[in-house]
Structures are given as C-alpha cells and as structure tokens.
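Read the structure below first, then the notes.
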Amino acid sequence: MRIARVEPLTTARALRGPFDYLLADDFEEVTVGTRLIVPFAGRRLESVVVELDDRSDLPVERLASPVSVVAPAIPTELVSLALRVASSYCSTPARALQLVAAPGGRAGAGPQTALHAALTVEGRTALESGKRLTEGQRDAIEALLGGPLRAKDVPGGTQGLRRLEARGLVAIEAQRVSRRPAPDGYDPGRIRPALNSDQKAVLAEVIAELESAAGSRGILLHGVTGSGKTEIYLGAAERALELGRGVLVLVPELALTPQAVARFSARLGDTVGVIHSGLSAGERYDEWTRLADGEARVCVGPRSAVFAPVRDLGLVIVDEEHESAYRNDGDPGYDAREVARWRAEEEGGLLLAGSATPRPESVRRLRRLRLDRRADGAPMPPVELLDMKGVRGALHPATVEALANVKREGGKAIVLLNRRGWSNYLSCGSCGRVWTCPACDVTLVLHRNEGFIGCHHCGHRESVPDHCPDCGSASVSRHGAGTERIESQIRSLVGSDDFPVLRLDADSASRKGAAGDLLTAFQSARAGVLIGTQMVAKGHDFPDVTLGIVVDADSTLRFPDFRSEERTFQLVTQLAGRAGRGPGGGRVLVQTTTPDSPVLMLAARHDADGFLEEELSRRDALGYPPAAALVRIQLGSESEADVESAAQAVVELLEGSGLEPLGPAPLFRLRGRHRRQILVRSADREHLVGSVEAAVAAAAATPAGRRSAIGTEVDAG
Ligand code: ADP
Ligand code: ZN
Ligand code: ZN
C-alpha cells in the first residue's frame with residue numbers, strides 16, 4: 001500500500017493538512033513534490049505531495065485516490081524548504097508551497113509548441129524536377145532549402161504549407177519552442193577588468209571557502225560602494241560552475257534585475273536564467289523548466305527567485321544584503337536573505353552576501369571579508385552635518401550655497417527627501433481644522449502640481465480646499481515640505497535650461513518606464529539636480545555626481561522602530577557612495593535637528609565598524625535581533641471592539657505560553673480598519689514562533705477573530 005500525504009494548495013488557514021490519499025498502481029511515479037489533483041470536500045484541488053508512507057492512521061476504505069498528476073513536479077528540496085518557510089514565518093504549508101510550485105496549469109503557462117516545416121526528400125528536388133508550382137510555392141520551397149523553419153516564417157504561411165504537405169513535398173510537425181525573456185539592451189560594461197590586489201585576496205578566500213562549502217557559515221562581503229563587489233560575485237560564480245554546481249544571484253528589486261542579468265550573462269553566457277514577476281506566464285514556465293532540467297545553471301532575480309529550481313546549488317549570492325525589499329510583505333512574510341541562507345546550508349553551498357552597509361545580524365553571523373577601497377581609487381567624500389535648529393525653510397544656507405557652487409562648476413547633485421508631495425498637511429488658520437483621510441487616521445498630503453490633496457495610504461483624493469468647511473475661513477495654511485516643494489524651491493534657486501532640476505518619486509515615476517527615462521535624462525545631462533525619495537540613493541551609478549544632500553535625516557531617525565538607527569546610517573552611507581565617484585571627488589550634506597546624534601556622527605566619519613559595534617551592543621542590551629527573535633503581530637478590523645478583543649485574546653494566549661508580549665498598542669486606522677500591534681521577543685526562537693502561530697490560530701477562531709485580519713512578521717525590517 002502506498003500513501004501520499006498531500007497539502008492542498010488553498011489559502012484557507014483553517015484547513016490543517018496534510019491529508020492521506022491512496023495511490024493506485026498507475027500512480028507509481030509519484031514522489032515528494034509531485035503535484036496531484038485530488039478530490040477534496042466535493043471539489044477537486046491541486047495539491048503537493050509532502051510525504052510518502054506505507055501506512056495511514058485512517059482505515060483504508062476511507063481513503064480517496066488522486067485524480068491525476070500535474071507536471072512538472074516540485075524538486076524535493078524545495079518542498080522541504082517551503083515547509084521550513086511555513087513553520088518559521090507563522091504561515092501555512094499550503095501558502096508556502098505556492099511559492100515553490102512550478103508555474104503551470106493555467107492557460108499560457110504550459111510548454112509552448114509551434115508548427116515547424118521541413119522539406120521531404122521529394123520536396124528537396126521539387127524545383128529542378130519541373131513540378132508545377134505557383135510562384136508562392138517556389139518561394140516557400142526556396143526558403144526551406146536552407147533548413148527547417150517555423151511555419152509562420154515561411155512565405156505563404158501555414159495555409160500554403162498545408163497544400164505542399166498534401167503533395168508530399170513538405171512535412172509539418174509541432175515542436176517545442178522556448179520563450180526566452182527578451183534581452184534588455186543593457187550594456188554590461190567592461191567584461192573582465194584586471195582585479196586589484198584587494199579583490200584578488202578576497203576572491204581567493206571566497207573560492208577556498210566555496211571549494212569546501214559544506215559546514216561554512218557563509219561570507220559577508222563588506223565592501224564600500226564602488227569597491228568592485230560584482231567582480232567577486234562573478235569570479236565566485238565562474239568557479240562554482242567549473243565545479244559543476246549551480247548558482248543563485250539575488251538582487252533587491254525588479255528594476256535592478258536586467259542590469260544584473262546583463263553582467264552575469266556577459267561573463268557566464270547562456271547558462272544564466274532569470275525569474276521574476278515581470279515575466280509572462282509562458283516565459284516563467286520556460287525559464288523554470290530550463291533551470292529544473294539543469295539546462296540553465298545560474299538564476300538571477302529579485303526576492304522570489306530564492307525559490308528558483310536551480311539544481312545542485314553551490315553558491316547563493318545576495319547583493320545589497322541590507323535592503324529591506326528582501327522581505328516579503330504578503331503571507332508568508334519570508335525574508336529572502338534568511339531563506340537564501342537555509343538553501344545554501346541544506347545543499348552544502350556557500351552563502352555570499354554583499355553590502356557597503358551590512359546589517360548588524362549578518363556581521364555577527366557570517367564571516368566578514370572587506371574591500372575598503374573603491375575600485376577607481378577615489379576617496380570617500382566628506383560628510384557634513386548641518387544643524388537645522390533655528391533655520392527657517394527647508395534648506396540650510398550651506399545647502400543653498402553648495403547647490404549654487406555645483407551649478408557654477410557645472411556638476412551634478414542628488415537631493416534626498418523621503419516624503420512625496422508639496423506639503424505634509426493643511427490646516428485652517430482660524431479654527432485649527434486639519435484635513436485628514438476619512439478612512440485612515442492620517443493627514444492628507446498636498447500635491448500641488450496635479451491639484452489634489454490625497455492619502456498616501458489608501459489613495460483617497462479630494463480637491464484642494466480654498467476655504468475651511470467648518471468655519472468658512474479662507475486662511476488655509478500648508479505645513480512641511482515634500483519632494484514637489486523642494487523641487488520647486490531648488491528650481492527657482494538654480495534651475496535653468498542647461499541645469500535641469502528633475503524629480504524621481506512614486507508620483508513622477510507612476511507611468512511604466514518613467515523612472516528609467518528620468519534616470520537616463522539625469523545621466524545624459526551635462527549638469528543638474530536629481531531630487532527624490534529613497535529611489536535616488538539605490539544602485540545607480542552616476543560617475544559625475546559631486547554633491548549629495550539629505551534634506552531631513554530626522555525623518556528616518558525618528559521612525560518608531562528598532563531599525564531606525566540602522567536605516568539612517570545606511571541612507572547616509574549609501575548616498576555618500578553615490579556622490580563623488582568621479583575624479584573630482586564630492587561632498588555630502590546632511591540636514592538634521594540632532595547633529596549630535598551618535599549614529600549621524602558615525603556616518604559622517606564613515607565609521608561602519610564603530611556603528612556596527614554600538615548597534616550590536618544596543619540590540620544585545622535591549623533584546624532585539626540578532627540577540628533575540630522578535631515577532632510583530634498586527635490585527636485589523638472594521639470594528640474597534642472586535643480588533644481589541646482579538647488582540648487581547650492573542651496577548652493572553654502568549655502569556656499562557658510564558659512569553660511577555662508588549663501591547664496591544666493602537667496603530668493609526670487604515671482603509672477604515674482599526675488596528676492593533678503586539679510585539680513579542682524571546683531568545684528561544686522556536687518556542688516564540690510556535691507559540692505565536694498557535695495563539696494567532698486560536699484567536700482567529702474566536703468570533704471577534706473571525707471578523708479580524710491577523711498578520712505576523714518575524715524579525716521585522
Ligand atoms: P560595488 O558593487 O562594490 O559598489 P561594482 O562592482 O559595481 O561596485 O564596481 C564599481 C565599478 O568599478 C564598476 O564600473 C566596475 O566595472 C568597476 N571595477 C570593478 N573592479 C575593477 C577593477 N579591478 N578595475 C577597474 N574597474 C573595476
Ligand atoms: Zn476653520
Ligand atoms: Zn486613507
């Protein structure tokens with residue numbers, strides 16, 4: 001007797017698998033990872049086999065049998081990976097298995113075939129042997145003399161070919177075609193620069209560890225911006241392929257994928273595959289099978305590519321490992337950096353994470369190798385802190401002067417402000433009314449260019465008021481500055497035809513391709529200013545930027561989160577990495593009301609080691625990751641009473657497990673939902689995650705819980 005234990009791929013949390021099915025003889029190919037259509041509660045569901053057994057706890061006559069098999073199967077190691085994701089992130093096996101499930105089943109996602117035509121023996125001599133042929137038929141045969149072709153590429157097309165087929169001159173058959181994603185026309189740059197001595201030493205260490213990767217704790221490549229970390233990744237990937245092993249390359253966001261694919265393909269060739277959400281279902285299917293079949297040995301992609309079916313994984317690269325985009329917002333709220341580490345661990349491969357501003361947890365956990373010099377030899381630009389106390393307006397006089405200098409010298413500047421719009425909120429000068437969102441407890445932000453006030457959380461929009469609806473006063477005042485307002489101020493200060501002032505944020509980049517166009521415009525301009533949200537500080541390489549400005553360093557520093565120091569340090573350091581890459585050097589100005597804050601002073605000195613040391617001891621003292629595991633539980637409901645009572649239930653259940661939850665604390669109302677947050681920390685990760693999962697499941701089953709949504713986030717950030 002063969003029993004398949006399966007998890008149905010449904011999102012219902014209440015469904016607790018796995019479930020047993022009896023395998024008849026004609027299902028002998030079934031293994032762990034096989035996808036089966038099974039009868040389930042009167043429906044047919046797709047499911048994944050997670051275990052095989054020769055007995056069941058249920059009487060055999062009560063066991064149903066699967067209906068059919070869906071191809072392709074999930075590789076066994078990805079099934080265990082998914083189950084680990086489910087249990088580590090308080091999710092369900094079904095949801096996690098969906099992350100690794102091969103595409104397929106849906107229309108357009110299966111293998112694609114196309115009709116191909118070839119000449120028969122008779123057809124090959126048809127032109128000489130004086131057969132009666134129309135001119136079109138002659139053209140078709142002539143084209144096929146060069147070899148078989150896709151039917152649609154032959155003159156006269158399929159219809160004409162069918163007539164030739166009927167006369168025995170042509171053979172037509174359906175053949176599998178591969179839908180490779182179109183190359184993006186990125187110039188990969190110089191393909192193989194001679195490594196400098198630092199790079200050589202680091203690469204030798206990485207390769208030595210790669211060759212004996214089993215048992216390695218992984219390597220953190222801590223290299224300043226522009227130190228040439230990519231050359232290390234490429235050299236290590238080449239060696240892994242020579243050793244006959246597969247390679248996974250993770251980049252923080254979709255936008256950076258084409259660039260990475262171009263660089264890796266230029267060096268490694270056709271063996272590079274790519275998986276990301278921008279692929280069509282067909283392309284995704286083909287890339288997935290190319291990897292699963294071992295035809296492609298390298299996969300490049302953003303966080304979801306961590307589940308790519310690369311075979312015999314020998315090397316897992318995580319570029320810009322500090323980026324929070326590696327964390328998935330949905331359920332399971334997995335962290336691709338963590339999953340990457342597990343994959344390397346389980347397949348005896350080497351984890352190679354790189355960053356100019358690594359996370360404290362990686363510094364503690366991984367073996368750190370350093371690249372302290374930029375590949376072009378340029379020094380790091382000086383960072384100056386500008387005290388904004390007593391300064392009127394959004395720009396410090398020194399900032400204004402520096403911008404004027406850049407304009408005079410014909411250079412480029414990047415200005416960073418993490419707030420979109422013109423001003424943060426509007427208020428009535430007579431009665432004090434503040435314009436807020438009807439569905440969320442937040443103020444409406446003025447977007448002057450497009451002429452509306454809007455909510456940045458739910459998208460609600462209203463027209464710009466010219467008087468107060470409460471008291472009728474016409475004195476409506478605007479508070480705070482966002483990117484739009486800074487853009488307009490800087491434009492009136494220094495903007496001109498040969499000194500363009502550009503803005504890059506979610507508003508200006510909402511049209512597809514607009515972000516790329518703006519970046520190209522800035523890159524090709526001889527001089528100018530690029531203003532924007534965090535988007536401007538990431539991954540782009542502008543050799544001629546000489547000035548970087550952080551308009552409001554306090555906004556990240558004040559963020560109520562244990563990672564706010566880490567984020568602030570990263571932001572300033574990353575911006576410093578963007579400025580002054582060229583021969584002229586550069587400088588960075590950081591506007592703040594707290595110029596004596598330790599984290600800003602460390603960033604100004606480029607003292608990454610000092611920062612990491614202080615941050616790790618602070619986390620140890622306060623019991624934050626990596627000293628302890630931390631779970632954030634968020635609850636939301638349209639009824640405040642329900643969300644409060646569900647949150648209370650979670651807290652009591654956690655206390656019952658011997659934990660000390662913090663909260664429930666109210667969060668601002670979002671999209672009409674009242675929200676609560678609970679934080680729990682513990683040095684015993686397994687106990688913590690297990691208790692949270694149980695508490696959430698139990699609370700979700702109460703009447704108030706059923707009317708609430710509950711989400712969890714492990715080690716947030
Ligand atoms: P990082 O990822 O460390 O910020 P990159 O790998 O993107 O840096 O390299 C920065 C620039 O330096 C790239 O243009 C790269 O081609 C160049 N580069 C890297 N190594 C060398 C080298 N040894 N000699 C010359 N240029 C190099
Ligand atoms: Zn008023
Ligand atoms: Zn809203």
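The values are calculated or read from the model by the stated rules, or taken from the named source; none is laboratory data. All figures in this text were calculated on a predicted structure; none of them were measured in a lab. Virtual Cβ from ideal backbone geometry, glycine too; neighbours counted across all protein chains shown. Surface areas here come from the heavy atoms of the whole protein model, side chains and all, with no ligands, DNA or RNA. Shrake-Rupley method; radii C 1.70, N 1.55, O 1.52, S 1.80 Å.
Before moving on, here are some points about what is shown:
- Every test in (1) under 29 Å from the mean Cα position of the chain (by Cα); (2) closer than 24 Å to Y334 by Cα is passed by R669 save one, and that test is (2).
- Comparison of V300, V310 shows that the only residue that is at pLDDT 90 or above, assigned to a strand (DSSP E or B) and closer than 18 Å to A237 by Cβ is V300.
- Failed condition for R619, given (1) touching a helix residue (DSSP H, G or I) at 6+ places or on another chain (Cβ under 8 Å); (2) part of a helix (DSSP H, G or I); (3) surrounded by fewer than 21 Cβ atoms within 10 Å (Cβ to Cβ): (3)
- Filtered residues of the stretch 470-500 (kept if of a type in the set (D, E, K, R) and not in a loop (DSSP other than H, G, I, E, B)): R478, E484, R485, E487, R491
- Unmet criterion (only one of (1) free of Cβ contacts under 8 Å to residues at least 24 places away in the same chain; (2) part of a loop (DSSP other than H, G, I, E, B); (3) more than 16 Å from ligand 2 (Cβ to nearest atom); (4) over 27 Å from S564 (Cα atoms)) for H467: (3)
- Scanning the stretch 421-444 finds one or more residues that are within 16 Å of ligand 2 (Cβ to nearest atom) and aromatic (F, W, Y).
- Across the stretch 196-251, the qualifying residues are those that are farther than 21 Å from L268 by Cβ and of a type in the set (S, T, N, Q), and the one among them that is nearest to the chain's Cα centre (by Cα) is T225.
- Of the residues screened, E614 is one that is farther than 30 Å from V442 by Cα, more than 16 Å from ligand 1 (Cβ to nearest atom), open to solvent by 70 Å² or more (accessible area, probe 1.4 Å) and under 31 Å from the mean Cα position of the chain (by Cα).
- The residue of the stretch 88-134 that is modelled with the lowest pLDDT, among those that are open to solvent by 60 Å² or more (accessible area, probe 1.4 Å) and outside any loop (DSSP other than H, G, I, E, B), is Q112.
- Exclusive hit being open to solvent by less than 10 Å² (accessible area, probe 1.4 Å), under 21 Å from E338 (Cα atoms) and away from ligand 2 (no atom under 16 Å from the Cβ), set G223, G273: G223
- Unique match (being open to solvent by less than 70 Å² (accessible area, probe 1.4 Å), closer than 15 Å to A4 by Cβ and either among the hydrophobic types (A, V, I, L, M, F, W, C) or part of a loop (DSSP other than H, G, I, E, B) (or both)) among V49, V69, V85: V49
- Lone unmet requirement of (1) open to solvent by 20 Å² or more (accessible area, probe 1.4 Å); (2) under 17 Å from G235 (Cα atoms); (3) touching a Ser or Thr at 6+ places or on another chain (Cβ under 8 Å) for L371: (1)
- Residues (touching a residue at least 40 places away in the same chain (Cβ under 8 Å), farther than 21 Å from H479 by Cβ and basic (K, R)) located in the stretch 377-412: K407, K412
- Any pair with Cβ under 6 angstrom, 6 or more apart, that starts in the stretch 517-537 at a residue that is touching a residue at least 12 places away in the same chain (Cβ under 8 Å) and ends at one that is aromatic (F, W, Y) and part of a helix (DSSP H, G or I): L530/F522
- When V310, V306, V318 are checked against the criterion of being surrounded by 24 or more Cβ atoms within 10 Å (Cβ to Cβ), more than 17 Å from E253 (Cβ to Cβ) and not polar (S, T, N, Q), V310 stands alone in meeting it.
- If the condition is being closer than 9 Å to C428 by Cβ and either of a type outside the set (V, I, T) or within 16 Å of ligand 1 (Cβ to nearest atom) (or both), then the stretch 470-486 contributes D470, C471, S473, S475, S477.
- Flag if D441 is open to solvent by 70 Å² or more (accessible area, probe 1.4 Å), near ligand 3 (Cβ under 10 Å from one of its atoms), in a loop (DSSP other than H, G, I, E, B) and acidic (D, E): yes
- Qualifying residue in the stretch 229-237 (condition: surrounded by fewer than 24 Cβ atoms within 10 Å (Cβ to Cβ), more than 16 Å from ligand 3 (Cβ to nearest atom) and assigned to a loop (DSSP other than H, G, I, E, B)): no
- Qualifying residue in the stretch 410-424 (condition: surrounded by fewer than 19 Cβ atoms within 10 Å (Cβ to Cβ) and either more than 29 Å from R673 (Cβ to Cβ) or acidic (D, E) (or both)): yes
- For the stretch 1-46, residues that are open to solvent by 40 Å² or more (accessible area, probe 1.4 Å), touching a helix residue (DSSP H, G or I) at 6+ places or on another chain (Cβ under 8 Å) and charged (D, E, K, R) total 2.
- Residue among R284, R263, R290, R267 that is assigned to a helix (DSSP H, G or I), of a type in the set (D, E, K, R), open to solvent by less than 30 Å² (accessible area, probe 1.4 Å) and in contact (Cβ under 8 Å) with a residue 40 or more places away in the chain: R290
- Residues of the stretch 159-171 that turn out to be more than 14 Å from D139 (Cβ to Cβ) and surrounded by 15 or more Cβ atoms within 10 Å (Cβ to Cβ), as a count: 4
- Residue-level analysis places I453 among those that are within 16 Å of ligand 2 (Cβ to nearest atom), open to solvent by less than 40 Å² (accessible area, probe 1.4 Å) and in a strand (DSSP E or B).
- Any hit, the stretch 203-210, residues being assigned to a helix (DSSP H, G or I), surrounded by 15 or more Cβ atoms within 10 Å (Cβ to Cβ), charged (D, E, K, R) and near ligand 1 (Cβ under 9 Å from one of its atoms): no
- Among (1) more than 22 Å from L589 (Cβ to Cβ); (2) touching a helix residue (DSSP H, G or I) at 6+ places or on another chain (Cβ under 9 Å); (3) surrounded by fewer than 18 Cβ atoms within 10 Å (Cβ to Cβ) - the single one R461 does not satisfy: (2)
- Once the stretch 425-438 is narrowed to residues that are of a type outside the set (V, I, T) and not in a loop (DSSP other than H, G, I, E, B), the residue that is most open to solvent (accessible area, probe 1.4 Å) is Y425.
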